[in-house]
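A.B. asks: What follows is a structure written as structure tokens; I'll ask about it next.
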Amino acid sequence: MKADPKSYLEESFLKELLFLPGLTDLSYNGEGFYYMSDREGRKKADLEVEKEEVGNFLRQIANLTERSFSYSEPILDVSFDKYRLNAVYRSLARVRNEKSYSFSLRLEKEAAIHPGDAEFFPDGSEKILLSLLASGDSIVIGGKTSTGKTELEKYLIAALPPSTRVVVIDNVEELSFASREGIDFTHWLVNPKVPEATFPALIKNALRNNPDYIVVSEARGEEMLDALISAMSGHPIITAVHAKSLESLPSRLARLVMMASPKLERKEVLEDINEHFESYVYLAKETVGGRIIRYVKSIGRLDPRTGKMRLLFERGNKE
């Protein structure tokens with residue numbers, strides 16, 4: 001019987017690391033392995049594996065996920081169960097001027113953020129965020145890498161009222177864990193090789209499915225125009241973007257929208273964003289005593305008339 005990628009991974013040379021408490025990430029830089037956990041931060045692993053064995057491992061993962069991984073297709077980006085793997089073939093990856101492989105493995109958790117989590121939601125920020133969700137606002141989640149953006153999306157989906165119709169569009173399976181009993185949950189995976197399965201195409205298709213919320217896991221480019229059109233048509237959006245601050249989020253969205261067409265005017269795009277993307281939350285992380293803490297840093301709401309961000313919450317400011 002053909003092995004599945006999850007079983008193969010968990011029986012591989014990585015198996016001793018995969019079940020470390022609080023593990024979030026594993027990586028291989030071409031000669032050494034590193035891991036990151038909520039408890040220890042980033043550490044070098046005491047694991048030695050020949051480069052070719054790593055290559056064979058990655059090719060097998062590609063086979064089991066029905067993807068190609070070779071000199072001509074040197075990027076592997078797949079997800080299965082709770083794992084997301086991004087790997088680079090030896091035609092591109094180098095270590096000490098020699099050809100090698102590299103990869104990064106992300107582990108997702110079914111429920112990393114719980115209601116009432118005072119560490120993630122400091123100073124009453126949870127109540128503010130839930131009030132925005134109850135109002136049917138479009139919500140943009142910003143932050144740097146690994147600050148908990150996807151986990152907050154899962155939390156918000158789970159916090160929606162029973163029978164809410166949610167269409168999730170993702171290029172990996174991370175948000176499949178957001179499904180819970182009582183929510184009308186539909187999850188579509190993007191496949192760039194299929195014209196009908198791109199982010200823009202699936203967002204347009206979602207509008208025909210009478211959703212209460214459309215969740216675009218992470219806005220990276222021109223699909224943001226279709227997300228904006230969705231919000232303008234009365235279908236609120238939850239999405240996440242990489243950004244450096246709460247205040248930079250509207251401008252960041254505008255740049256993504258404008259990637260879809262050089263004819264778009266920045267001023268008009270920002271006006272549409274100001275009117276239809278109301279609420280913003282910014283996440284951050286810090287290391288305390290070797291332990292990684294992720295938290296809501298700030299929450300804001302745009303004034304559609306002025307385009308200025310009104311700060312609703314900032315960590316440490318209880319005024």
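A.B. asks: Just the C-alpha atoms of region 226-319: what Rg/Rh do they give, with Rh taken as the Kirkwood radius?
C.D. replies: Numbers: Rg = 15.1 Å, Rh = 14.6 Å.
Rg/Rh: 1.04.
A.B. asks: Continuing with the same structure: Send over the semi-axes of region 119-168's equivalent ellipsoid, whole angstrom and largest first, taken as the square roots of 5 times the C-alpha gyration tensor eigenvalues. Please list the in-between numbers first.
C.D. replies: Numbers: eigenvalues 70, 42, 19 Å².
Whole-Å semi-axes of the equivalent ellipsoid: 19, 14, 10.
A.B. asks: Write down the radius of gyration of region 40-80 and its Dmax, each obtained from C-alpha positions, in Å.
C.D. replies: My reading of the Cα-based Rg and Dmax gives 12.9, 38 Å.
A.B. asks: Between the DSSP loop rule and a limit of at most 13 other Cβ atoms within 10 Å, which GluC sites (Glu not before Pro) in region 141-250 are left? Don't skip to the end; give the middle numbers.
C.D. replies: On the way: sites: Glu151, Glu153, Glu173, Glu174, Glu181, Glu196, Glu218, Glu222, Glu223, Glu247; in loops: Glu173, Glu181, Glu218, Glu222, Glu247.
Taking region 141-250 and a limit of 13 other Cβ atoms within 10 Å, the loop GluC sites (Glu not before Pro) found are Glu181.
A.B. asks: Continuing with this model, one more query. With a cut-off of at most 16 other beta carbons within 10 Å, and DSSP calling the residue loop, which trypsin sites (Lys or Arg not before Pro) in region 99-177 qualify? Please list them.
C.D. replies: Numbers: sites: Lys99, Arg106, Lys109, Lys127, Lys144, Lys149, Lys154, Arg165; in loops: Lys109, Lys144.
Within region 99-177, the qualifying trypsin sites (Lys or Arg not before Pro) (loop, at most 16 other Cβ atoms within 10 Å) are Lys109, Lys144.
A.B. asks: If only Cα atoms are counted, what is the Rg of region 151-268, and what is its Dmax, in Å?
C.D. replies: When restricted to the Cα atoms of region 151-268, Rg and Dmax are 14.2, 44 Å.
A.B. asks: Grab the DSSP H runs of the chain that are 4 residues or longer, score each as -39,500 (n - 2.57), total them, divide by all residues and round the 222 nm result to the nearest 500 deg cm²/dmol.
C.D. replies: So the calculated ellipticity at 222 nm is -7500 deg cm²/dmol.
A.B. asks: Right, another one. Once you've got the Cα coordinates, tell me which of Lys6/Lys193; Lys82/Lys149; Lys149/Lys204 are over 21 Å apart. It would help to have the intermediate numbers written out before the result.
C.D. replies: Details: Lys6/Lys193 23 Å; Lys82/Lys149 16 Å; Lys149/Lys204 24 Å.
Violating the 21 Å limit, Cα to Cα: Lys6/Lys193; Lys149/Lys204.
A.B. asks: Among 291-298, 8-15, how do they line up by average Cβ neighbours within 10 Å per residue, starting with the highest? Show your work: numbers first, answer last.
C.D. replies: Numbers: 291-298: 19.9, 8-15: 15.1.
Those peptides, ordered most packed to least, come out 291-298, 8-15.
A.B. asks: Here is a further query. Please list, in order along region 65-78, the HN-Hα scalar couplings obtained from phi with the Karplus expression 6.51 cos²θ - 1.76 cosθ + 1.60 (θ = phi - 60°), rounded to whole Hz, x for Gly and Pro.
C.D. replies: So the J values, rounded to whole Hz, are 9, 6, 10, 9, 8, 7, 4, 7, 10, x, 10, 10, 9, 9.
A.B. asks: Counting only Cα, what are the radius of gyration and maximum Cα-Cα distance Dmax of region 200-239, in Å?
C.D. replies: 8.8, 25
A.B. asks: Please report, in whole Å³, the volume per residue of the convex hull around the C-alpha atoms of region 1-137.
C.D. replies: Residue-normalised Cα hull volume stands at 173 Å³.
A.B. asks: Another question about this same structure. Quick one: which of 51-59, 135-143 comes out on top by average Cβ neighbours within 10 Å, and what's the full order, highest first? Walk me through the intermediate numbers first.
C.D. replies: Values: 51-59: 16.7, 135-143: 22.0.
Highest mean packing first, the order is 135-143, 51-59.
A.B. asks: Now, a different point. Give the average over all directions of the projected area of the C-alpha convex hull of region 267-313, one decimal, in nm². Could the numbers behind the result be given before it?
C.D. replies: Values: hull surface 15.5 nm².
In nm², the orientation-averaged hull projection of region 267-313 is 3.9.
A.B. asks: Moving to a separate point now. Enter the mean projected area of the convex hull around the alpha-carbon atoms of region 206-269, in nm², rounded to one decimal. Walk me through the intermediate numbers first.
C.D. replies: Working: hull surface 18.3 nm².
Orientation-averaged projected area of the Cα hull: 4.6 nm².
A.B. asks: What are the principal axis extents of the Cα atoms in the chain, in Å, biggest first?
C.D. replies: 60, 47, 42
A.B. asks: Further, regarding this structure: Taking the Cα centre of region 210-319 as the origin and placing charges on Cβ (Lys, Arg +1; Asp, Glu -1), which of Ala284, Asn210, Thr239 is farthest toward the positive end of the dipole?
C.D. replies: Sorting the options by dipole projection puts first Ala284.
A.B. asks: Would you mind working out the accessible area per residue for region 197-319, using a 1.4 Å probe, and quoting it in Å²? It would help to have the intermediate numbers written out before the result.
C.D. replies: Values: 6120 Å² over 123 residues.
Result: 50 Å² per residue.
A.B. asks: Another question, then. Using the crude model of +1 on Lys and Arg Cβ and -1 on Asp and Glu Cβ, and no other charge, please compute the dipole size for region 170-319 relative to its Cα centre, in debye to 20. Display every interim value, and only then the final one.
C.D. replies: Working: 21 positive and 22 negative charges, 125 e Å.
The dipole of region 170-319 has a size of about 600 debye.
A.B. asks: Just need the relative contact order of the chain here, percent rounded to a whole number, with Cα pairs under 8 Å and 6+ apart.
C.D. replies: The normalised contact order for the chain reaches 16 percent.
A.B. asks: Continuing with this model, one more query. By average Cβ neighbour count within 10 Å, what is the ranking of 200-210, 26-36, 300-310 from highest down? List each step's numbers first, then the result.
C.D. replies: On the way: 200-210: 16.4, 26-36: 18.4, 300-310: 14.4.
Sorting 200-210, 26-36, 300-310 by mean packing, highest first, produces 26-36, 200-210, 300-310.
A.B. asks: Going by the alpha-carbon gyration tensor, a ≥ b ≥ c the square roots of its eigenvalues, is region 81-177 rounded (a/c under 1.5) or, if a/c is not under 1.5, prolate (a/b greater than b/c) versus oblate?
C.D. replies: Details: a/c = 3.01, a/b = 2.22, b/c = 1.35.
It comes out prolate by the Cα gyration axes.
A.B. asks: Suppose all protein chains stay in the model; what accessible area per residue would a 1.4 Å probe give for region 1-131, in Å²? Don't skip to the end; give the middle numbers.
C.D. replies: Numbers: 7140 Å² over 131 residues.
Per residue, region 1-131 has 54 Å² of solvent-accessible surface.
A.B. asks: Along the charge dipole of the chain, Cβ charges K/R +1 and D/E -1, which of Val190, Asn274, Leu105 sits furthest on the positive end?
C.D. replies: Asn274
A.B. asks: Carbon and sulfur atoms: what percent of the 1.4 Å accessible area of the chain do they account for?
C.D. replies: 47
A.B. asks: State to the nearest 20 debye the size of the charge dipole of region 41-163 about its Cα centre, where the only charges are +1 on K and R beta carbons and -1 on D and E beta carbons. Mind showing how you got there, number by number?
C.D. replies: Numbers: 18 positive and 19 negative charges, 102 e Å.
Using Cβ point charges on Lys, Arg, Asp and Glu, region 41-163 gives about 480 debye.
The values are calculated or read from the model by the stated rules, or taken from the named source; none is laboratory data. These numbers come from a predicted model, not from an experiment. So basically every Cβ, Gly included, is an ideal-geometry build from the backbone, and we count neighbours across all protein chains shown. Accessible surface is based on the protein model in full, side chains and every heavy atom, while ligands, DNA and RNA are left aside. Shrake-Rupley method; radii C 1.70, N 1.55, O 1.52, S 1.80 Å.
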